[in-house]
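S.K.: Can you read through this structure? Questions will come right after.
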């Protein structure tokens, strides 16, 4: 199996249980159904409107994709492992993320924080629930993963993380 296919075939390790869907929002039930169709399990349930999907990553071990969904919109967040003091984020990094936002199709980078004086970064995508099918959902998830993995790999090569 290839490098990326290892992440996406069997890379999501939880098990979806239809009984666990009772009381969940319609949007998150639709996301759970898409995961079922792809063959992905749910690794964490986040209240009535969110789930966590774990992907294998050689940089951080496990990288969790958070999906929250309402009736009309789903928000997917995947976090970089990078953290910087809020007052010392390199300008080159900010410029790089702006460039990645310009080039991206399925993501926009955003800054998280500051918490404890530090900031982090996440690649985010907002999807209309009406347009999500298994192929589209899987493509969005894989694209977010590749984007965040590439970002962290670049920072790792630079000695930042």
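S.K.: Restrict the check to the range 64-86 and report whether at least one residue is in a helix (DSSP H, G or I), surrounded by fewer than 18 Cβ atoms within 10 Å (Cβ to Cβ) and out of contact with any helix residue (DSSP H, G or I) (no Cβ under 7 Å at 6 or more places or on another chain). Walk me through it before giving the result.
M.R.: Initial filter on the range 64-86 (in a helix (DSSP H, G or I)): 86.
Those left that are additionally surrounded by fewer than 18 Cβ atoms within 10 Å (Cβ to Cβ): 86.
Then keep just the ones that are out of contact with any helix residue (DSSP H, G or I) (no Cβ under 7 Å at 6 or more places or on another chain); that gives 86.
Yes, that holds for at least one residue.
S.K.: Restricting attention to the range 78-97, and to residues there that are modelled with pLDDT under 90 and within 18 Å of residue 145 (Cα to Cα), which single residue is farthest from the chain's Cα centre (by Cα)?
M.R.: The selected residue is 96.
S.K.: Could we say that residue 119 is surrounded by 13 or more Cβ atoms within 10 Å (Cβ to Cβ), over 14 Å from the mean Cα position of the chain (by Cα), modelled with pLDDT of 90 or more and assigned to a strand (DSSP E or B) here? Walk me through it before giving the result.
M.R.: On the way: surrounded by 13 or more Cβ atoms within 10 Å (Cβ to Cβ): yes; over 14 Å from the mean Cα position of the chain (by Cα): yes; modelled with pLDDT of 90 or more: yes; assigned to a strand (DSSP E or B): yes.
For residue 119, the condition - surrounded by 13 or more Cβ atoms within 10 Å (Cβ to Cβ), over 14 Å from the mean Cα position of the chain (by Cα), modelled with pLDDT of 90 or more and assigned to a strand (DSSP E or B) - is met.
S.K.: Could you please find all residues in the range 143-157 being within 11 Å of the chain's Cα centre (by Cα) and surrounded by 18 or more Cβ atoms within 10 Å (Cβ to Cβ)? Don't jump to the end; show me each part of the working.
M.R.: Step one: filter the range 143-157 for residues within 11 Å of the chain's Cα centre (by Cα), giving 143-149.
Listed by number, the residues that qualify are 143, 144, 145, 147, 148, 149.
S.K.: So residue 135 ticks every box in (1) under 24 Å from residue 37 (Cβ atoms); (2) surrounded by 15 or more Cβ atoms within 10 Å (Cβ to Cβ) but one. Which box is left unticked?
M.R.: With (1) under 24 Å from residue 37 (Cβ atoms); (2) surrounded by 15 or more Cβ atoms within 10 Å (Cβ to Cβ) applied to residue 135, the lone miss is (2).
S.K.: Within the range 37-62, can you find the residues that are free of Cβ contacts under 8 Å to residues at least 60 places away in the same chain, on the phi < 0 side of the Ramachandran plot and outside any loop (DSSP other than H, G, I, E, B)?
M.R.: Passing the criteria: 44, 45, 46, 50, 51, 52, 54, 56, 62.
S.K.: While we're here: Out of the residues in the range 24-39 meeting the condition of being in contact with a strand residue (DSSP E or B) (Cβ under 6 Å, 6 or more places away or on another chain) and modelled with pLDDT of 95 or more, tell me which one is nearest to residue 131 (Cα to Cα).
M.R.: Out of the qualifying residues, it is 31.
S.K.: Hey, among 75, 105, which residue is within 16 Å of the chain's Cα centre (by Cα), under 26 Å from residue 161 (Cβ atoms) and at pLDDT 85 or above?
M.R.: Numbers: 105 fails: at pLDDT 85 or above.
Exactly one residue qualifies, and that residue is 75.
The values are calculated or read from the model by the stated rules, or taken from the named source; none is laboratory data. It should be emphasised that the depicted structure is a prediction, and the values quoted were computed from it without experimental measurement. Quick reminder, even Gly has a Cβ in these numbers, built from the backbone with ideal geometry, and neighbours come from all protein chains shown.
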